[in-house]
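Working notes, beginning with the structure itself.
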Amino acid sequence: MEIIDEKLIKKVTEEAKASPRLRMNYNFHKSLSEKCHRFLNALEPGTQIPVHHHPTKDETVVILKGKVRVTTYDDDGEMIQSCVISQEDGNYGVDIPKNTWHGVECLEPSILFECKEGPFVEHEVDGILEIKKP
């Protein structure tokens, strides 16, 4: 059993701060080829997860600490829905259906727990969407 405690959260947070991308995953799955991917994603302000989709995979994101904005888009890059998730606001996570374009913006230092079907596929293969600017 692996315990998700303050020591682990601090370790992943420090790694995210030191990363040029300002984010870091801590995988519970042992291989990128496993059928179920479960991981912590530490995010620092200034990082964004680009708008992408998983054509055949649902994805669940639960916030453990901090605040992020999750936004979904249609195939033309028009925003469909936006939600700030944080324990403080009482929005604890989102479940994103397969083939839904979505992106994440870090609003304050955050730790997410994410779960989705494996194996891992690069976003360049699954696709990254150019969103329309207002």
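The values are calculated or read from the model by the stated rules, or taken from the named source; none is laboratory data. Everything numeric in this text was worked out from a predicted model, so none of it was measured. Backbone-built Cβ (ideal geometry, glycine too); neighbour counts: all protein chains shown. Surface accessibility is based on the protein's heavy atoms, side chains included, excluding ligands, DNA and RNA. Shrake-Rupley method; radii C 1.70, N 1.55, O 1.52, S 1.80 Å.
A probe of 1.4 angstrom, applied to the heavy atoms of all protein chains, finds Cys106 with accessible area near 10 square angstrom.
Each residue of the chain gets 116 Å³ once the volume of the Cα convex hull is shared out per residue.
Taking Lys and Arg as +1 and Asp and Glu as -1, the other residues whose beta-carbon sits under 13 Å from that of Gln48 total +1. The peptide list 52-58, 16-22, put in order of mean Cβ contacts within 10 Å with the highest first, becomes 52-58, 16-22. Surface composition of the chain: carbon and sulfur make up 53 percent of the accessible area, probe 1.4 Å.
Reported value for region 48-107: 72 Å³ per residue, from the convex hull of its C-alpha atoms.
In the context of the full set of protein chains, the chain has a per residue accessible area of 59 Å² (1.4 Å probe). Potential lengthening of the chain between Val62 and Glu117 amounts to 18.2 nm, from the contour at 0.36 nm per residue minus the alpha-carbon distance. Couplings for region 58-63, taken from phi via the Karplus curve 6.51 cos²θ - 1.76 cosθ + 1.60 with θ = phi - 60°, read 6, 9, 10, 10, 10, 8 Hz in order; Gly and Pro are left as x. Taking only the C-alpha atoms of region 81-120, Rg followed by Dmax gives 11.6, 33 Å. Scanning residues 5 or more positions from His54 or on other chains, those with amide H under 5 Å from its amide H are Asn99, Thr100, with H placed 1.01 Å from N in the peptide plane. With 23 Å as the limit on Cα-Cα distance, the pairs of Lys17/Lys65; Lys11/Lys65; Lys10/Lys65; Lys11/Lys98; Lys35/Lys65 that go past it are Lys11/Lys98; Lys35/Lys65.
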